[in-house]
Structures are given as C-alpha cells and as structure tokens.
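Trainee: Here it is, the structure, as structure tokens.
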Amino acid sequence: MISRRVLEISTAVLTGGFGVAVAVSSLDNGIGWSAAGVDAGTFPFLTGVIIVLGSLYNLVVGALPGGTLASVPVAVTRTELRRVAGLFVPAAIYVAVIPLIGMYLASALYIFAVLALPRHQSMLRSLAMAVATPLALYVVFERMFLVSLPHGALAAAFGL
Amino acid sequence: MDNLEQLLHGFTIAVTLPHLALMVIGVLLGILVGVLPGLGAPNGVSLLLPLTFGMQPVSAIILLSSMYWGALFGGSVTSILFNIPGEPSSVATTFDGYPMARDGRPTTALATAFGSAAFGALVGVILITFLASWVAQVALAFGPPEYFAVYFLAFASFVGMGGAPPIKTVVALGIGFAIAAIGIDTVSGSVRLTMGIDELVKGVNFVVAVMGLFGIGELLVAVEEEFHAHAVSSKIDWREVFRAVAQLPRHGIALLRSAAIGCWMGITPGGPTAASFMSYGIAKRFSRRGRHFGTGEVEGIISPETADHAAGTSALLPMLALGIPGSATAAVMMGGLMIWGLNPGPMLFVDQKDFVWGLIASMYVGNIVAVALVLLTVPVFAALMRIPFAVIAPLIVIICVVGAYSVSNSYLDIVLMLGFGVLGYLFKKLFYPLAPLVLAIVIGDKAEDAFRQSMLMSKGSLGIFFQNRLVTTLVVAGMTLLLLPLVLQFVRLRRKPGDASHGAASAEKVKVI
C-alpha cells in the first residue's frame, strides 16, 4: 500500500522537478528586459520558479506528520493499487505497441486481452467486441472523418 | 429591451431542425456520460471535442452545452436510483435522494430533482440574459492591461475561492502556464521549453491534456473503488411526477436561496460541486426540518440540485464574457471556442452576436429538451448501469488514445496523453485542482501576451496596471483574492491555535465524501 505521505512527497518532487526543468530551459531564451520588450524566457522562468517554490511548500506540508493529512493516512491500499495497475498496465502496453502493429490490431488485442484473460466476459463475447472495435474505429475515423490512424510498422512491412 | 430583442434573434438561430437534433444528440450523450460512473461532463465534452472541429461554432457549442445539461441531469439519476453519483457535483444529491428512492418513492425523488434542477438552470440562464449586454458595453473599454488584469483575476480567484489547498492551486496553475509556453513563442518567434524534443515545437494541444487528465485520470480513480449497484425500481409513474413538481413552490425559499448560491458559485469559479455541497450544508442548517436531513427530505434534494444546475449554467457567463471558466467543463468548452476560431472575452459579445445569443437561446430550449429526455430515458439508462465497468473502461481508453492521436496525427500526443492521465490521477488523489490547470493551458499564452503587450505600451513600467479605474479595480480584486487564504489562515491561527488543522482536515473530509 502507499501512504498519503509518500504520495504527497513524490508528487511534490515530480512537480518540483518539472519546475526546475522549466526554469533552466527557459534561461536559453533569455530572461529580463531587452529592446524587444520582455524576453521570451521571462514568463516561463518565473513560472518555473513559482512551481519550485510551491512544490517545496507542498513537500514540507506533505512530509510533516499529522496536520492536514490526519484524515486520510492511507492514500492507496494494496487492492486499490492492484485495480489501478490492472487498468493502467494493459493500457500502457497497448500504447507502446501501436507504432509496431498499428492502431487497429493493437485495439483488437487490447480489448480481447482485458476482457477474456481476467474472465470478465466469455471467450465468444470478448472476441466479438475485439473484432467490432477496430471496425467501428475504421468506419468513424478513416471513412467518416478522413483521419488516417497509424497502421504500424507491421503493415508497412507487408506493403499496406 | 435590447436584450430581449437579441434573445428572440437567438431563438431563430437555436430553434432550427439541425440544432434541435444536435440538442437531442448532445443531451442523450450527456445523460450517458452522466449516468456512467468514471465519466463526467468534463470528460464527455473533451471526448466529443475533436468531432466538433469541422462544425459551425454555434452548432458546436450547442452540441457541447447540451451534453453538459444532459450530464448534469444524468448524474442525478444514478445518485438517486443507485446511490452512485455519476458526477462529482451530484454527490450531495445522494444524501437524501437515495433514501427517498429506497423508501419506495423513486419517482418523487427523481421528479423533485429534475424540477428543482430545471428551476436552477432557468435562474442561471435568466441571469446570463440580463447581464450579457452589460458585459458587451464594458467590453469596448478593454485593452491589453485590462485583459491581463482579468486573466490575473481569474487565476487569483481559483487560488482564493476554488476550495482546494491554495499552494496546490498555484502549482497546478504554474504547470499549466509552463505547458502553454511549450513551442513557438507568439511574440518573439523563438522556440521555448521543448527540452530537446523536436516534435514539441508545435506545442501541447489542450485536447491531449484534457483527454489524459479527465479521461484516463478519472478512470484510474474510478477503477479504484469497485462499484456495487443496488438498483431500486426505476419505473416512472407520471401522476407522481406532476404531483412532485406541483409541490415544489412550497419550498420557494429553499429554491431561491439555492439558486442564488449556485449562481454565485458558478460566476466565481467555485463550480457546481462546491455549490451543491454548500447549498446542502446551508439548507441543513436553516431548514426547520434540518434534523431529518439524510433520511429522504425533499429540501435535501432540492437544495443541491438547484444549486448544481444554477452553477453549471451561470458558469458559462464568465467563460463567454471574460474568458474565465467557472467550472472544469466550461474550461474545456473554452478551449473548444478557441479551436473554432473564436476569442472568448468581452469582444465576443460585440463581434459574434449570433454565436452568443444563439447559445443563450439554446440554453432555454436545451434544458427543456433535457428534462423531457431524462424523464423518458430513465428506464433505459438504468439498464445501462448493468454493463460491467470492466467493459466500459477499455473502450474509454481506446477513445482517449484515438482522440489524442487525431488532434494532430502525432504518436507523441498519445504518450503525453497517458502521462497526463497519471498526473490527473495523482492530482485527483491529493486534491490538486484540475480546472485551473486546464485554464492555464488554455489561456496561459494569452495572459502572457497581454502582459508583454502592456509592458511594451508602458515601456516596462508596472504603473500601467493602475492607470485607470477599471484596471485598478481588477488588479486590486485579484490581489485581494490571492491573499485571502493567507489572511484566513492568520485569523484562524490567532483565534484558536489548535483548531486550524482540525478545520482543514474536516474540510478535506467533506470533499472525500
């Protein structure tokens, strides 16, 4: 399980790190006042500094024992974490394989995997939905809205 | 009188066959996302957004706003019938709505909720109708410093009154600003914050951000808790409906008070969720039957529902008039407005009269359509609740992935969208507000441009923000709101040293419910 404290601290570190990256990379654009008015880097630089300061405050408040965190000490229990991972991990794998096998095949496999493998639905129904989803995508996007979805390296290899 | 004439003109735009059809589609889709837990009005509107890019702006906004009304109504249906709030803003409706339905009066509970919701929405629209042309008059006095001051006021009001921890709001705003700055700077033409990734030169589209934040993020939050739906009978007895609606005027004071709270919370960016909780809390304190709240009290349904809809409706006024969205959904719609080539802000009322009054007229019609449709479809959507979440979740993931890709045919956008999903989940868990983040992504650029243009006008002097009454008032109001949490904290600490943390903890608890 993940305690509220750990989650607060890691989120603050995450936002703070982003702030540092923003502030540092906007130095390249120049900060301050020049002949052309306010330099391009000024606004992002200030934003980055504000994010860092705010994150530091959230870090300290999040790390302190008691206080505002007293009401919910546990943010994510073990079962909750398993459920969240159960949704997110397949989704991430799905996104990762899109450049390889294309949107249509990936969607079909994804639907089939998340429905049939944990036995949420019967084999037959999962298969039907796995076939129907890419078909619907094809009709709506490629035909109706003329948006070409990625076909993937696999399709390219076959010359499609 | 001028307003009424404009409104009539608006009706001629809104009440056409294609637009009525869009309203019906929008409301039905809205009820659908409202009923489904894990999807809400902001997600629904963001999912639908890519489909509106090719439409006329007025048709697009009618579709999106109708979806919003549908979602607001749909959220109450599941709250009452299943004790599952389909929307965060209808959480307060479960307190008395579900007990009443469980006691064998589901029709009364639903009809009361819809009746008071319609009343709240009506008050909100009337408010917009009468304030709109006044806003247009003020519009002409707006230059860059005034624009910046209004944006500043918007950001400050989220910090001061948004209800989330102030410093977390500041961090959310900052991240939004930084994301808005990614890509080519509109003033100098230089490339900013790409961190070495060339594809980021085009910037991060806000649709990608909202798909992740609201679509994936809320899905992750929703999947955490397993839903146990215990449905009560959802058959509608029409005589019962009319009887319940006829009873409403007896609670006139509660209706008016809740509508006032809703309008106030909608115009200041408190949003419908905060409005419904606040209204319920106040009703409980002042009602003669306050002790019975929570057991199926009529006023316990009226108060949150009226405020919810009044806030949802009136949130569109500051969005249109000032470019300040009063709720997360309004923030998403505002992004749409800019994609359709319209600039939210006072000039909209001068340049785009057809759009503004068409929308306002459609709000009257759309809410009537919504009430009618929601009553007719209650049994259908109640059946939908039986579709397992395990089936709906992967479909939402696919919609988000395809939606993010289709914005600019970029694979990077899909990866970013997933990243925003994780961010949205973390933020949701830790009470970082999402609305200011979206707002900053949408108008961060414009705020920066307005600031830099003002600086050019004044040759670098901040005095330009105090040069006339209008801009000074806006800036001072913004400063006050920004410092408000600090002052409140100070007062609380002085009054009772041990009480401060307790107050914050219980405030957080309210939101956890």
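The values are calculated or read from the model by the stated rules, or taken from the named source; none is laboratory data. Everything numeric in this text was worked out from a predicted model, so none of it was measured. Counting neighbours? That spans all protein chains shown, and the Cβs are built from the backbone with ideal geometry, glycine included.
Trainee: Somewhere in the range B:88-103, is a residue under 30 Å from residue B:392 (Cα atoms) and basic (Lys, Arg)?
Mentor: The answer is yes; a qualifying residue exists.
Trainee: Cβ-Cβ distance below 8 Å, separation of 6 or more or different chains: which pairs start in the range A:1-29 with a residue that is within 8 Å of another protein chain (Cβ to nearest Cβ) and end on one that is of a type in the set (Asp, Glu)?
Mentor: Matching pairs, first to second residue: A:29/A:39; A:29/B:185.
Trainee: Another one. Kindly indicate whether residue A:47 is facing chain B (nearest Cβ under 8 Å), part of a helix (DSSP H, G or I), out of contact with any Cys (no Cβ under 7 Å at 6 or more places or on another chain) and among the polar types (S, T, N, Q).
Mentor: So residue A:47 passes the test.
Trainee: Check whether at least one residue in the range B:29-48 is of a type in the set (A, V, I, L, M, F, W, C) and more than 18 Å from the chain's Cα centre (by Cα), and report yes or no.
Mentor: No: the range B:29-48 contains no residue that is of a type in the set (A, V, I, L, M, F, W, C) and more than 18 Å from the chain's Cα centre (by Cα).
Trainee: Which residues, taken from the range B:306-343, are buried (at least 24 other Cβ atoms within 10 Å of the Cβ) and assigned to a loop (DSSP other than H, G, I, E, B)?
Mentor: Matches in the range B:306-343: B:315, B:323, B:324, B:325, B:326, B:327.
Trainee: Would you point out which residue out of B:28, B:81, B:63, B:48 is out of contact with any Lys or Arg (no Cβ under 6 Å at 6 or more places or on another chain) and without any contact (Cβ under 8 Å) to a residue 24 or more places away in the chain?
Mentor: None of the others qualify; the one that does is B:48.
Trainee: What are the residues in the range B:322-356 that are modelled with pLDDT of 80 or more and over 20 Å from residue B:50 (Cα atoms), if any?
Mentor: Within the range B:322-356, B:347, B:348, B:349, B:350, B:351, B:352, B:353, B:354, B:356 qualify.
Trainee: In addition: Condition first: crowded, with 24+ Cβ neighbours inside 10 Å, more than 13 Å from residue B:440 (Cα to Cα), modelled with pLDDT of 85 or more and in contact with a Gly (Cβ under 6 Å, 6 or more places away or on another chain). Can you find one or more residues in the range B:174-181 that meet it?
Mentor: no
Trainee: Output the number of residues of the range A:50-65 satisfying the condition of being over 10 Å from residue B:174 (Cα atoms) and either more than 7 Å from chain B (Cβ to nearest Cβ) or crowded, with 22+ Cβ neighbours inside 10 Å (or both).
Mentor: 11
Trainee: So residue B:133 ticks every box in (1) part of a loop (DSSP other than H, G, I, E, B); (2) touching a residue at least 12 places away in the same chain (Cβ under 8 Å); (3) of a type in the set (S, T, N, Q) but one. Which box is left unticked?
Mentor: Against the list (1) part of a loop (DSSP other than H, G, I, E, B); (2) touching a residue at least 12 places away in the same chain (Cβ under 8 Å); (3) of a type in the set (S, T, N, Q), residue B:133 comes up short only on (1).
A quick yes/no check of all residues on (1) touching a residue at least 24 places away in the same chain (Cβ under 8 Å); (2) assigned to a helix (DSSP H, G or I); (3) over 20 Å from residue B:188 (Cβ atoms); (4) within 11 Å of another protein chain (Cβ to nearest Cβ):
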residue: B:432; (1), (2), (3), (4): yes, no, yes, yes
residue: B:436; (1), (2), (3), (4): yes, yes, yes, no
residue: B:439; (1), (2), (3), (4): yes, yes, yes, no
residue: B:442; (1), (2), (3), (4): yes, yes, yes, no
residue: B:449; (1), (2), (3), (4): yes, yes, no, yes
residue: B:453; (1), (2), (3), (4): yes, yes, no, yes
residue: B:470; (1), (2), (3), (4): yes, yes, yes, no
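Trainee: Just name the residue that is nearest to the other protein chains (Cβ to nearest Cβ) out of those in the range B:165-191 that are farther than 19 Å from residue B:148 by Cα and assigned to a loop (DSSP other than H, G, I, E, B).
Mentor: Top of the filtered list is B:190.
Trainee: What's the total number of residues in the range B:1-38 that are out of contact with any Phe, Trp or Tyr (no Cβ under 9 Å at 6 or more places or on another chain) and either aromatic (Phe, Trp, Tyr) or in a loop (DSSP other than H, G, I, E, B) (or both)?
Mentor: Final tally of qualifying residues: 3.
Trainee: Ok, one more. Could you list all residues from the range B:214-226 that are of a type outside the set (Gly, Ala, Ser) and either under 17 Å from residue B:406 (Cα atoms) or part of a loop (DSSP other than H, G, I, E, B) (or both)?
Mentor: Once the filter is applied, which keeps residues that are of a type outside the set (Gly, Ala, Ser) and either under 17 Å from residue B:406 (Cα atoms) or part of a loop (DSSP other than H, G, I, E, B) (or both), the range B:214-226 yields B:216, B:225, B:226.
Trainee: If we scan the range B:43-57, do we find a residue that is in contact with a helix residue (DSSP H, G or I) (Cβ under 6 Å, 6 or more places away or on another chain), modelled with pLDDT under 80 and either closer than 21 Å to residue B:336 by Cα or not in a helix (DSSP H, G or I) (or both)?
Mentor: Checking the range B:43-57: at least one residue is in contact with a helix residue (DSSP H, G or I) (Cβ under 6 Å, 6 or more places away or on another chain), modelled with pLDDT under 80 and either closer than 21 Å to residue B:336 by Cα or not in a helix (DSSP H, G or I) (or both).
Trainee: Can you report the number of residues in the range B:192-204 which are assigned to a loop (DSSP other than H, G, I, E, B) and either over 25 Å from residue A:58 (Cβ atoms) or among the aromatic types (Phe, Trp, Tyr) (or both)?
Mentor: 4
Trainee: Kindly check whether there is at least one residue in the range A:81-92 that is among the aromatic types (Phe, Trp, Tyr), more than 30 Å from residue A:129 (Cα to Cα), at pLDDT 85 or above and assigned to a helix (DSSP H, G or I).
Mentor: no
The rows are residues; the columns are (1) more than 10 Å from chain B (Cβ to nearest Cβ); (2) among the β-branched types (Val, Ile, Thr); (3) surrounded by 16 or more Cβ atoms within 10 Å (Cβ to Cβ).
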position: A:101; (1), (2), (3): yes, yes, yes
position: A:109; (1), (2), (3): yes, no, yes
position: A:116; (1), (2), (3): yes, no, yes
position: A:122; (1), (2), (3): yes, no, no
position: A:125; (1), (2), (3): no, no, no
position: A:131; (1), (2), (3): yes, yes, no
position: A:139; (1), (2), (3): yes, yes, no
position: A:152; (1), (2), (3): yes, no, yes
position: A:158; (1), (2), (3): yes, no, no
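Trainee: For the range A:30-44, how many residues meet the condition of being facing another protein chain (nearest Cβ under 8 Å) and either among the polar types (S, T, N, Q) or not in a helix (DSSP H, G or I) (or both)?
Mentor: Counting residues in the range A:30-44 that are facing another protein chain (nearest Cβ under 8 Å) and either among the polar types (S, T, N, Q) or not in a helix (DSSP H, G or I) (or both) gives 7.
Trainee: Kindly indicate which of B:324, B:301 is in contact with an Asp or Glu (Cβ under 9 Å, 6 or more places away or on another chain), touching a residue at least 60 places away in the same chain (Cβ under 8 Å) and closer than 23 Å to residue B:121 by Cβ.
Mentor: Of the residues listed, the single one that is in contact with an Asp or Glu (Cβ under 9 Å, 6 or more places away or on another chain), touching a residue at least 60 places away in the same chain (Cβ under 8 Å) and closer than 23 Å to residue B:121 by Cβ is B:301.
Trainee: Among the residues of the range A:10-19, is any in contact with a Leu (Cβ under 9 Å, 6 or more places away or on another chain), over 19 Å from residue B:440 (Cβ atoms) and among the hydrophobic types (A, V, I, L, M, F, W, C)?
Mentor: Yes, the range A:10-19 contains at least one residue that is in contact with a Leu (Cβ under 9 Å, 6 or more places away or on another chain), over 19 Å from residue B:440 (Cβ atoms) and among the hydrophobic types (A, V, I, L, M, F, W, C).
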